[in-house]
Amino acid sequence: MSGFLGEFLGTMVLIVFGVGCGAGMSLKGSYAQKSNWTFVALAWGLAVTFGVYVAAAFGTQGHLNPAVTIGFAAFGFFPWKDVPGYLLGQFAGAFVGAVIVIIQYYPHFKAAKTAEDGNSVGIFATGPAIPNPLFNFLSETIATFFFIFSLLNLGNFTTGLKPLIVGLLIVVVGQTLGGTTGFAINPARDFAPRLAYAILPVPNKGGANWGYAWVPICGPIAGGLLAAGLQSLLV
């Protein structure tokens with residue numbers, strides 16, 4: 001279970017800030033409701049930045065993302081013995097982070113009677129702008145590939161200002177490649193908040209779109225493996 005606490009707390013911070021951004025810009029009555037895609041990308045980028053700082057303070061490498069952990073481990077950039085603790089921390093932290101956002105915005109969920117009022121799974125999880133399973137999968141694979149390939153060339157990204165650089169990397173991925181699927185690029189970030197929305201008593205909620213849920217799980221893992229595989233060939 002090495003690494004559980006740091007990855008749990010770091011991923012929780014990531015999801016509170018990131019999903020909180022989704023709730024703030026979507027739910028009826030929120031002051032942030034008129035925000036745009038730049039707002040989303042910046043919020044998620046800063047969410048990752050502070051999540052990495054928190055995780056590093058508790059002694060982990062600040063992956064916060066199963067696609068990073070699995071891709072790194074598959075090609076020798078991270079020890080397999082630490083993978084279970086990291087993965088459990090990431091999924092558990094993402095779930096708890098989503099619960100915190102539900103509590104924070106509970107009156108707004110009650111006020112948002114329909115999806116038109118912003119009350120949908122899109123606050124918690126991603127979905128395609130144009131549904132096409134093959135190309136949605138490829139979009140997540142490509143976005144995650146460039147995220148993790150860049151990450152691998154930052155060295156130790158938990159020190160100094162490097163977490164801010166990671167956050168800016170998230171921003172540029174979101175601004176350039178995220179418009180197709182909402183740039184999950186992280187199975188824990190998508191699955192655990194989607195699960196929280198599905199099983200918890202969120203007022204006036206709709207469906208969780210489980211038919212799409214495999215894409216933001218499998219696409220990022222494929223992208224992470226491809227990025228780490230290429231890196232292992234080049235270094």
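The values are calculated or read from the model by the stated rules, or taken from the named source; none is laboratory data. Since this is a predicted model, take the numbers as computed values, not measurements. Ideal geometry is used to build each Cβ from the backbone, glycine not excepted, and the neighbour counts take in all protein chains shown.
For segment 1-34, which residues satisfy the criterion of being at pLDDT 85 or above, more than 12 Å from the chain's Cα centre (by Cα) and among the aromatic types (F, W, Y)?
Listed by number, the residues that qualify are F4, F8.
Give the residue, chosen from G167, G206, G229, G219, that is assigned to a helix (DSSP H, G or I), more than 19 Å from the chain's Cα centre (by Cα) and in contact (Cβ under 8 Å) with a residue 12 or more places away in the chain.
On the way: G167 fails: more than 19 Å from the chain's Cα centre (by Cα); G206 fails: assigned to a helix (DSSP H, G or I); G219 fails: more than 19 Å from the chain's Cα centre (by Cα).
Among G167, G206, G229, G219, only G229 is assigned to a helix (DSSP H, G or I), more than 19 Å from the chain's Cα centre (by Cα) and in contact (Cβ under 8 Å) with a residue 12 or more places away in the chain.
So G174 passes all but one of these: (1) modelled with pLDDT of 95 or more; (2) surrounded by 21 or more Cβ atoms within 10 Å (Cβ to Cβ); (3) under 30 Å from Q231 (Cα atoms). Which condition number does it fail?
For G174, the exception is condition (1).
When segment 76-88 is examined, which residues are found to be within 26 Å of V172 (Cα to Cα) and more than 16 Å from the chain's Cα centre (by Cα)?
F77, F78, listed by residue number.
Take segment 4-43 and flag every residue that is part of a helix (DSSP H, G or I) and hydroxyl-bearing (S, T, Y). Before you say what the answer is, go through the steps one by one.
Step one: filter segment 4-43 for residues part of a helix (DSSP H, G or I), giving 4-26, 37-43.
Scanning segment 4-43 gives T11, S26, T38.
Every residue in segment 57-67 that is touching a helix residue (DSSP H, G or I) at 6+ places or on another chain (Cβ under 7 Å) and either among the charged types (D, E, K, R) or part of a helix (DSSP H, G or I) (or both), please. Steps first, answer last, please.
So the first thing to find is which residues in segment 57-67 are touching a helix residue (DSSP H, G or I) at 6+ places or on another chain (Cβ under 7 Å), and the list is 58-60, 62-67.
Within segment 57-67, P66, A67 qualify.
Any chance segment 35-54 includes a residue that's more than 30 Å from N119 (Cβ to Cβ), touching a helix residue (DSSP H, G or I) at 6+ places or on another chain (Cβ under 8 Å) and either at pLDDT below 95 or surrounded by fewer than 24 Cβ atoms within 10 Å (Cβ to Cβ) (or both)? Spell out how you get there, then give the answer.
Here is the first cut: in segment 35-54, the ones more than 30 Å from N119 (Cβ to Cβ) are 52-53.
Keeping just the survivors that are touching a helix residue (DSSP H, G or I) at 6+ places or on another chain (Cβ under 8 Å) gives 52-53.
When the remaining residues are screened for being either at pLDDT below 95 or surrounded by fewer than 24 Cβ atoms within 10 Å (Cβ to Cβ) (or both), the result is 53.
Looking through segment 35-54, at least one residue is more than 30 Å from N119 (Cβ to Cβ), touching a helix residue (DSSP H, G or I) at 6+ places or on another chain (Cβ under 8 Å) and either at pLDDT below 95 or surrounded by fewer than 24 Cβ atoms within 10 Å (Cβ to Cβ) (or both).
Restricting to segment 113-158, name every residue that is in contact (Cβ under 8 Å) with a residue 60 or more places away in the chain, part of a helix (DSSP H, G or I) and exposed (fewer than 15 other Cβ atoms within 10 Å of the Cβ).
Passing the criteria: only P133.
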